Each structure stands twice: as structure tokens, then as C-alpha cells.
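Colleague: Okay, handing you the structure first.
Read-outs throughout are calculated quantities, based only on the coordinates presented, and are distinct from any laboratory measurement. The model shown is predicted, which means the values in this text are computed figures rather than measured ones. For neighbour counting, all protein chains shown are included, and Cβ atoms are generated from backbone atoms with ideal geometry for every residue, glycine included.
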Ligand code: SF4
Ligand code: SF4
Ligand code: SF4
């Protein structure tokens, strides 16, 4: 698939302001490192199998571990994180969305507002509208969609990717984040 | 039909709310006054009469806007880019634009129900007379129209009284709609208040429609043991000529059933229905059967089972005529709202119309007379059926395999599918002769056929999916309890106290359409979860059908397993979309009958009562329509939270409470006037859940109310914690916000809950007599 600013669900058109394409995944790594208070939001699709034995949640856990950034698990996804032994915070997609849109929200730990929110694993259309809410109503927040599909209301998004390319991108990001990879099994 | 004007004139009215002077209201004729309760403060409320109440709710439940697009194109100044803090040429910003769109949706929804009510009332008056009495439950129901009485302050007794109520509703919708014009309302919160108003008026319109048809057409009258109807794709004896009715407005279907009865043809012709017309025709007569919810339209039509289709109004596919022509099925349109481009044959002699349809000289006709529809439909179907031979366009397996081999895996079908179904992969499997993946898609297919439209090879993919899944489809044979209508006053007396004290843990109203993310079985699962836990489950519309479509090991559906009584552990089908008014009516009657709060034009107080005391929550898991938006907004104004499924996030805004802001969760203690913290109960007024697991846990949580007694709160917490533990794998992290004192803690969970309370630095709170209205404080301080 060619790298285009083309929504995965054809009719979900956004603009004039549309997500910039992540063409070099290492840039995401750099953005995360540069962010003062990043946060990762993970939806329930993360726990489903993308293709044989690839689960997004494994990447979510690795990103969480590599960066120590807080991870919010939406819907019932926290259950999966508990199984993985990873301490995610449980909050609904709408709750975390509306809090991120509130510039006065001091974050999960009270330490101040977030400046970068990464999203993965929400239903495409739900992520689409939540990212839109954040695009329009948050003040100092940038958003990144780490899903396999172009989601145009984010600040940055992957283009539509094959599973293989998507995996490679996430590996590159993790490498940039300095993950110790010896225990990784994907 | 001419209507006279209502004129209510009160020079001076002393009531509990103070003195009303020179109150005058003019909406039609003078109402004969038999209701002795004094008039409350807000009869026939204007657009802003309840604005203060709305703002109280909106302060706590703030809008979170989810713009679907970044521009506005509603006038020729536009398109205007409203991104972030930009404003349009008219000065409007994004928040106001989103709330304006929500208001437009709710006005569309309200107008639809009100126009439906208007048509029904006019039709029934024409047939049965203006003085036909309203009777929706005989001796079991004194409060025949709780919503109308609450909102309008009148007690309708005859069909003609409903005309006046509709006058009011129509006028309000016109006013609301006018405020969406460019250069009118500029504040998003005022738009939101108007959204609530649209919802309230919608509720009145729905009530009018349903009490009119229940009274005159002899539907079950608040009967907990309303009969069971047959439901399912495979339910009809399709060896007989088959008429399929689709829509929401029942007179044309009644015309069909009456004609069959009159001519002794019952049993010779099958009458099956889709969507709410199916609900209402089975409330009318047991010969009718239900195919399923709206998403069953295409699969049934393309399967060629219907020899004639009669459409009335609402939620009917716009391509019905095109699809029907493909299977050589004539169509009769029977509503001015949906003429389908067909010739108006209302005045044509039926014999000529029948002959034209039978000879296929016209693909369909428009007939705006229900008796004539009955005659033409029946006489036509009898002659058309043998000619059609159940002609279908669902392809044979070989054709599917052949096509699948040509599939380029371009993904266009999947990218058009609202539920992102892996159609290309399924086609790949089909090319190898394995149709199971296609069959699996049918389980969660909403029948939209967007995949068909998208495929560059013009494959009729929805038909492929239907064929692949047909074995299961044909086995669809279920039972649904037909819509019972209202809840009896005596039922309210019995459950009022346990609900208000919290001992019946909640009323879960599962309503709305079938735009489900994962198929309708989830609805049945959610319903059973709560029925088993002895909540009261109320249902209507397509959701009521979906929850019938699952059987247990013994072959029983939920309706065969659970009582239809409005009581703990009941699964109560009130009926079609317009029957949703009875759900609001039940909450209102709890405040009035059980708690003896004044009903007449006393909206604010009753809503305050319901919001603080009645643990009712709506779930519209497959909500898609503007009507569903209006229905939800009627509940918001009553302070009743509504949860929608993930597709509901596309309604463009949520109304979310913030449990992390303690200042939002204070009420007044009506005994003392003290401000008391009561925790986030209920936490949200409108939110979308991503998964059924989330919805189940959320519903249990949203049943908590400030007024719960400790015994009641402990019961509610038991369900919340138990469900959270099972579905989320842990104790809820916010449990400390819902425990007010030690006796609130569920005994069986005491140790672990106490541990959380200690960690969170929890402090005991008092339980007030909660209200948000200062005027209800009995002893004012200072
Ligand atoms: S209504 Fe206002 S925002 Fe919309 S197009 Fe017209 S000027 Fe622009
Ligand atoms: S008809 Fe079914 S499979 Fe096709 S796009 Fe619609 S929901 Fe998806
Ligand atoms: S759109 Fe048609 S050709 Fe493309 S993947 Fe789907 S079925 Fe195949």
C-alpha cells in the first residue's frame, strides 16, 4: 500500500487540517522522548489478534515498559494488561478523551497536563471522533495514532499499512526508545 | 380536519410554587377541566421555561464534542473552516456548531414522532370519531398520559384532546428548528438546553402516538402477560403468498389484516413485518409475524420471500423499490413521508391498481388510504405470488466461488463496511470453497450493503454473505412478547419503594435500533445479565427483537424465561419506538404515584426527583437514527443517563460527569438546605461504551443515586463490584466515591473494600434528602 493521507474507512474525511504521515517511525520515538508528559491510550482491539499471534497489546506493554509512560486501558482492556502483569489505568475512551481535552486536567497522577497522547486499538470510527475532539478542543496536546490505519484527526498517523510493515514500524519506534529487546518474542 | 384553539387562562393561581398571575396560554380550544390538581409552574413550557434546570444538568454533565468534520456548510457564506478556535463567517465556533447539529438531529427525530402521532390521531379520529375515549389500561391505570400531564398540565381524555397536545409539540419543534438558522443561537449551552427541550417534546409526541393507537386499536393494555409473537427469518410459511410490511406507522398494516379477516383469507396469506410496524401489527393481531429488526430488510427482500412489500414511514431503506424490482416484488408506499417516486393511486379504483401491479405495468404505487392499501395489497399478492415463484437474487454457492476467484483483494469492501468486516479475507477463503468466513460476517453485519456499492467488480457482497449464512438464518424461529404498552399504576406502587430505596438495583431500559458493533446477541446477553440479577429490564423497538433472537439449551428465549411484569427480574417489552414514552412514564409515575410529588406541569421537580432517586439507565446499543437521538435527549432532561454503543460516538457529543471534580457532586439536603457531597451518582448523562463488557459494568454503576439507602447502595455496589471484577479483572478504582458510610459496604466484600477505602483516605459522608432545586428545601437557613 502506498503511503497516502487516505482514511482507512473511505467516508471518514477530515480536513482542512489532517494528520501528518509518519513516514519515518523513528521520529515517533524521538517525539516520545522529547515529550515532557506522554500518555498511551489502548483500546480493546489491542487484545485481539491482528494476524497469527500478533497482538497490539504486546507492543503497548513494551512501549509502556520502555518509556515508563502511563498507559490507559479503555473498555475492559485492563483485564488483558492485568494478565500481562502490567499496571495500566482503567478508564473509558470517552472519559480519557474528555479529560485530555481539558487543559486544566492535571493528569492521572496530578503531575500536570499531558503534551503527547498516543492511541492504539480503539474501533477506527471511535478513535476518529475522539481524535477530532482533541484536535479541536485541547490546547497543548499533540496526538499520534499508532494503529495500522491512517486516522486523519490525529496530529500524526501511520498511513494504511500491512501487518508486516506496521510491525516493523513499531519495532523501529521501540528501538529508538532504547528498548532492551532480548526478551522480546514476536 | 379543523381544530379549535386551546385557551387556558388563569387570573391568579396559588400553588406550592408561589403565585402565578395573569397566566394565559393559547394553543387551541378551551380544555374541559376535570383534573382537580392545581396547575404546576410550567404548563406547555416554552423553549426557555426549563432552561435553568437544563443548565444545572449541563454544569455537571459537560458536553464533550466529537466533531465529525471540521467545516460547516449550512449556508452560502461557507464552507467555513471551524478548526480549533476558528470561527465561521457568521461568528459561530466549533462547539456551537456541534451542538447545533445535535439539535438538528433531535428536531428531526422529534418531528418524525410528532408527525407520526399527528397522522395516527387524524386517521383514528376519521375512523373512530373525535370523542373516542383514551384507555390504555382500564382500571389498572389512572395516569393515562404521565408525560403529557407532566409537560402540558392537561389530562387528555379523548382522542380530540391529543390534537391540542400535538399543536403544542409542532409549534415547539418549529421554534427549535428556527434557532438553528444562521445568526440565531450562538451559545453551545443554549443549543444543548434546546436539545433537551426537543427531547421532552419528542417524548410527548411519542406518548400521544402510542396512547392513541393502544386506546383505539385494541393493543394490549398494560398487560404483563401480553401474548408471544413469532419472530425470525424462518418463521413464515412462505409457501403462501407473503406480504412484508416495513416501517413504523401501523394503519396500512391494520388495513391488510382487517381485509384478510373480513374476506376470510386469514391463514391463506402470510403477513410479516420488519421494524416497529412489525411490533405494532403483532400488538394488533396474532396472525402477523415478525421477521426482525431494520437490518433484516435487504436479506429478506433479496431472498425473494416477500411477494409484495408495503412500506409506511421511518427507517425504510431508500432503495427498497430498486431492490424489490430486482426480485419482481411490487411495492405499495403508504405514507406521504415516503412516496418513493410512485404514482398516487389513492383515488384510482382498486381493481385497476391491482391489475397494473399484477401485470407489472407499474413497479409500485402510492396509496394514502389504509383500507385501500389492505384491499390492493391482499388481492395483488394472491395473484402475484404464483407468478413470482419466490424469485430471488441470492446467488448459488458456485456463483460466489466463481466471483471470489475474481476478487482482487483491493479492500474497498472492507473500507466501506461500518464494522470493518474482513470481507476480502472471506472472499479469499470462498475462492477455495470455504464459505464459513463469509457466513461468520453475517453475525455482525448490519445489512447496509455499503460493501456492494464499494466493490469495483460490482459483486453483490451482502447477498454472498446472506447465502453463506443462510443455514443459520433459516433456523431463526423465536418468540417475542408483544409490546404491552404502559406500566400499571399498581406495578408502580409495588416497585416504587424498592427502586427509590435502591433495593431493586435499577431499571435498565434497552432500546433503540440495530446498528450493533458485534451483532444483536450482545443485547440479549446484556439483558439477561441484568434480569438474572433482579434488575427490571425494559425494552422496545429493534432492541426488543434482538433480545428475542437467542435461545438457551432448552430452546427458550428470554421472553419465555422471564416475566413480562414490571418487577425485579422482569423483561418488559413496552412495544415500538413510540412506546418508549411509557418508560419515561414509569419513572414519572414513581415520583407521582409512589412519592406523591405533584405531577401537573411540574417538570422540574419531577425530573429532580427522578435524577436523584430513580436508578434508571437507558442503553441504546445499536442507536443510529435521529429519532434515537431525540429519545435519548428526552431522558437527559429527566436526568436519566443514557449509554450508547460505540457507533453512538458519532452522535458528535457526550455529556460527561467528572468524578475527579468533587465540587460537581454536591446536592442540597432538602431537610436543611445544607450542601452535601454525594459522589458521582449518576456519573454521566450520555456516553458511548466501546464494548459490551464496558456497557454492562457502566450500567450497573449508573444505577446509583444520591437517595439510595445504605441497604440499597450496598446491593448496587455488590453488582457493580462483582461485574467489574468479572469483566475487568479487578476491583473498581472508584469504589470509595460511592461508599458514603460503613453500612454501604457490601458485607461479602467488606475486607477488600475497606482496604481500598483506607488507601484512598476515604471519609464518611451523610445521606441527604437530595435535590438540586433550592425551592424544594423545606427549612431554609439564615
Ligand atoms: S452557518 Fe456560519 S459557520 Fe456555517 S457555513 Fe454559514 S457562516 Fe459558515
Ligand atoms: S452489508 Fe454487512 S458486510 Fe457489507 S458493509 Fe454492511 S455491515 Fe459490512
Ligand atoms: S471490493 Fe470486491 S474486489 Fe475488492 S476486495 Fe472486496 S470483494 Fe474483492
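Colleague: Give me the tail of P(r) for region B:714-773 as a percent: Cα-Cα pairs with distance above 18 Å. Before the final figure, lay out the partial values.
Modeller: Working: 593 of 1770 pairs.
Tail fraction, whole percent: 34.
Colleague: Nearest 500 deg cm²/dmol is fine: what mean residue ellipticity at 222 nm does chain B get from its DSSP H runs of n ≥ 4 alone, each adding -39,500 (n - 2.57), divided by its residue count? Numbers along the way, then the final one.
Modeller: Details: 28 runs with 322 residues, N = 782.
After summing the helix terms and dividing by residue count, I get -12500 deg cm²/dmol.
Colleague: What ranking of B:223, B:319 emerges when the number of other C-beta atoms within 10 Å of each C-beta is taken as an exposure proxy, fewest first? Kindly include the intermediate steps, with their values, before the conclusion.
Modeller: On the way: B:223 20, B:319 16.
The most exposed by this proxy come first: B:319, B:223.
Colleague: For region A:15-170, what's the relative contact order in percent, using C-alpha pairs closer than 8 Å and at least 6 residues apart?
Modeller: Working: 280 pairs, mean separation 43.4, N = 156.
Dividing the mean separation by the residue count of region A:15-170 yields 28 percent.
Colleague: Please report B:178, A:145, B:463, A:113 as a ranked list, fewest other C-beta atoms within 10 angstrom at the top and most at the bottom. Show your work: numbers first, answer last.
Modeller: Values: B:178 12, A:145 26, B:463 22, A:113 19.
Going from least to most buried by this count: B:178, A:113, B:463, A:145.
Colleague: Here's something else I'd like to know. In whole angstrom, how long is each semi-axis of the equivalent ellipsoid of region B:652-715, when you take the square root of 5 times every eigenvalue of its Cα gyration tensor and sort them from largest down? All intermediate terms of the calculation are to be shown ahead of the outcome.
Modeller: On the way: eigenvalues 120, 52, 13 Å².
The three semi-axes for region B:652-715 are 24, 16, 8 Å.
Colleague: Can you compute the equivalent ellipsoid semi-axes for region B:233-388, i.e. the square root of 5 times each eigenvalue of the Cα gyration tensor, sorted largest first and rounded to whole Å? Write out the running numbers ahead of the final one.
Modeller: Details: eigenvalues 70, 57, 50 Å².
Semi-axes from the Cα gyration tensor: 19, 17, 16 Å.
Colleague: Shielding by partners for B:641-650, please: the mean number of other protein chain Cβ atoms within 10 Å of each residue's Cβ.
Modeller: Values: counts 0, 0, 0, 0, 2, 9, 3, 1, 12, 5.
Mean shielding count: 3.
Colleague: Round to the nearest 10 and give me the degree value, 0 to 90, for the angle of helix B:51-60's Cα axis relative to the longest principal axis of chain B.
Modeller: The angle comes out at about 90 degrees.
Colleague: Calculate the spin-label point distance for residue B:458 paired with residue B:408, positioning each point 7 Å from the Cα along the beta-carbon direction, and give it in nanometres.
Modeller: Those two pseudo-labels are separated by 1.6 nm.
Colleague: How would B:647, B:113, B:724 line up from fewest to most surrounding beta-carbon atoms within 10 angstrom?
Modeller: On the way: B:647 22, B:113 31, B:724 25.
Exposure proxy ranking, most exposed first: B:647, B:724, B:113.
Colleague: So, one more: Ranked highest first by average number of other Cβ atoms within 10 Å, how do B:103-109, B:194-200 line up?
Modeller: Working: B:103-109: 24.3, B:194-200: 28.1.
Ranked from most to least packed, the peptides come out as B:194-200, B:103-109.
Colleague: If I take all pairs of Cα atoms in the protein assembly as shown, what percentage of them are more than 38 Å from each other? Don't jump to the answer; show the numbers that get you there.
Modeller: Values: 216625 of 468028 pairs.
When every Cα pair of the protein assembly as shown is considered, 46 percent fall beyond 38 Å.
Colleague: Same structure again: Taking each residue in B:552-558, count the Cβ atoms of any other chain within 10 Å of its Cβ, then average. What number comes out? It would help to have the intermediate numbers written out before the result.
Modeller: Values: counts 0, 0, 0, 0, 0, 0, 0.
Partner-chain Cβ atoms within 10 Å, mean over residues of B:552-558: 0.
Colleague: Also: Once R0 is set to 30 Å, what does the formula 1/(1 + (r/R0)^6) return for the Cβ-Cβ distance between residue A:23 and residue B:432, expressed as a FRET efficiency to the nearest 0.05? If you can, show how the numbers build up before the last one.
Modeller: Numbers: r = 36 Å, r/R0 = 1.21.
Efficiency at R0 = 30 Å is approximately 0.25.
Colleague: Another question, if that's okay. Of the DSSP beta bridges with both residues in chain A, give the percent that are antiparallel, rounding to the nearest 5. Walk me through the numbers before you get to the answer.
Modeller: Details: 2 of 20 bridges.
Of those bridges, close to 10 percent are antiparallel.
Colleague: On to the next question. Percent of alpha carbon pairs in region B:397-459 separated by more than 15 Å? Don't skip to the answer; put the middle values down first.
Modeller: Working: 861 of 1953 pairs.
Of the Cα pairs, 44 percent sit more than 15 Å apart.
Colleague: A follow-up question, please. Could you calculate, for region B:292-374, the ratio of the Cα radius of gyration to the Kirkwood radius, expressed as Rg to Rh? Don't skip to the end; give the middle numbers.
Modeller: Working: Rg = 12.2 Å, Rh = 12.9 Å.
That ratio is 0.94, to two decimals.
Colleague: On a 0 to 90 degree scale, rounded to 10, what angle separates helix B:521-532 from the longest Cα axis of chain B?
Modeller: For B:521-532 against chain B, the angle is about 40 degrees.
Colleague: With r defined as the distance between the Cβ atoms of residue A:84 and residue B:237 and R0 fixed at 60 Å, what FRET efficiency is calculated, to the nearest 0.05? Could you put the intermediate results ahead of the total?
Modeller: Working: r = 54 Å, r/R0 = 0.90.
So the FRET efficiency works out to roughly 0.65.
Colleague: Follow-up question, since we're still on this one. Pull up the DSSP beta bridges for chain B and report the antiparallel fraction as a percent, rounded to 5.
Modeller: Numbers: 28 of 69 bridges.
Of all bridge pairs located within chain B, approximately 40 percent are antiparallel.
Colleague: How many percent of DSSP beta bridges within the protein assembly as shown run antiparallel, rounded to 5?
Modeller: Here the share of antiparallel DSSP bridges comes out near 35 percent.
Colleague: Once you place label points 7 Å from the Cα toward the Cβ at residue B:344 and residue B:184, how far apart are they in nm?
Modeller: It works out to 2.9 nm between the two label points.
Colleague: Taking just the C-alpha trace of region A:40-176, give me its Rg and Dmax in Å.
Modeller: Cα radius of gyration and Dmax of region A:40-176 are 13.9, 42 Å respectively.
Colleague: Another question, then. Per Stokes-Einstein, at 4 °C and 1.567 mPa s, what whole-number D in µm² s⁻¹ belongs to region B:584-644, with the Kirkwood radius over Cα pairs as the hydrodynamic radius? Provide the component values of the computation, followed by the final result.
Modeller: On the way: Rh = 12.0 Å.
Reported coefficient: 108 µm²/s.
Colleague: Moving to a separate point now. Kirkwood hydrodynamic radius (Cα pairs, Å) of region B:151-288? Kindly include the intermediate steps, with their values, before the conclusion.
Modeller: On the way: mean 1/r = 0.0560 Å⁻¹.
For region B:151-288, the Kirkwood estimate is 17.8 Å.
Colleague: Contact order normalised by length for chain B, with contacts defined as Cα pairs under 8 Å and 6 or more residues apart; what percent is it? Intermediate values should be presented prior to the final figure.
Modeller: Working: 1758 pairs, mean separation 113.5, N = 782.
RCO, chain B: 15 percent.
Colleague: So how tilted is helix B:251-262 from the main axis of chain B? Cα-based, degrees 0 to 90, rounded to 10.
Modeller: 60
Colleague: Oh, and also: On the first, second and third principal axes, largest extent first, how far apart are the outermost C-alpha atoms of region B:646-782 in Å?
Modeller: Sorted largest first, the three principal extents are 50, 42, 23 Å.
Colleague: Moving on. Build a GNM of chain A with springs between Cα atoms under 10 Å: which of A:109, A:165, A:58 gets the top mean-square fluctuation?
Modeller: A:109
Colleague: Okay, moving on. Give me D for chain B in µm² s⁻¹, whole number, from Stokes-Einstein with Rh from the Kirkwood sum over alpha-carbon pairs, 10 °C and 1.306 mPa s. Can you show the working numbers first?
Modeller: Values: Rh = 27.2 Å.
Diffusion coefficient, whole number: 58 µm²/s.
Colleague: Would you mind calculating the relative contact order of region B:233-388 from Cα pairs under 8 angstrom and at least 6 residues apart, reporting the percent as a whole number?
Modeller: Numbers: 326 pairs, mean separation 44.5, N = 156.
29 percent.
Colleague: Gaussian network model of chain A, Cα springs within a sub-10 Å range: biggest mean-square fluctuation belongs to which of A:13, A:39, A:22?
Modeller: Of the options given, A:13 has the highest mean-square fluctuation.
Colleague: Sticking with this structure for a sec: Counting only helical runs of four or more DSSP H residues, what would the 222 nm mean residue ellipticity of chain A come to if each run contributes -39,500 (n - 2.57) and the total is spread over all its residues? Write out the running numbers ahead of the final one.
Modeller: Numbers: 6 runs with 64 residues, N = 186.
Taken over chain A, the calculation gives -10500 deg cm²/dmol.
Colleague: Which peptide among B:705-713, B:654-662 comes first, and what is the full order, when sorted by highest mean count of other Cβ atoms within 10 Å? Working shown, then result.
Modeller: Numbers: B:705-713: 22.2, B:654-662: 19.2.
Top of the packing list down: B:705-713, B:654-662.
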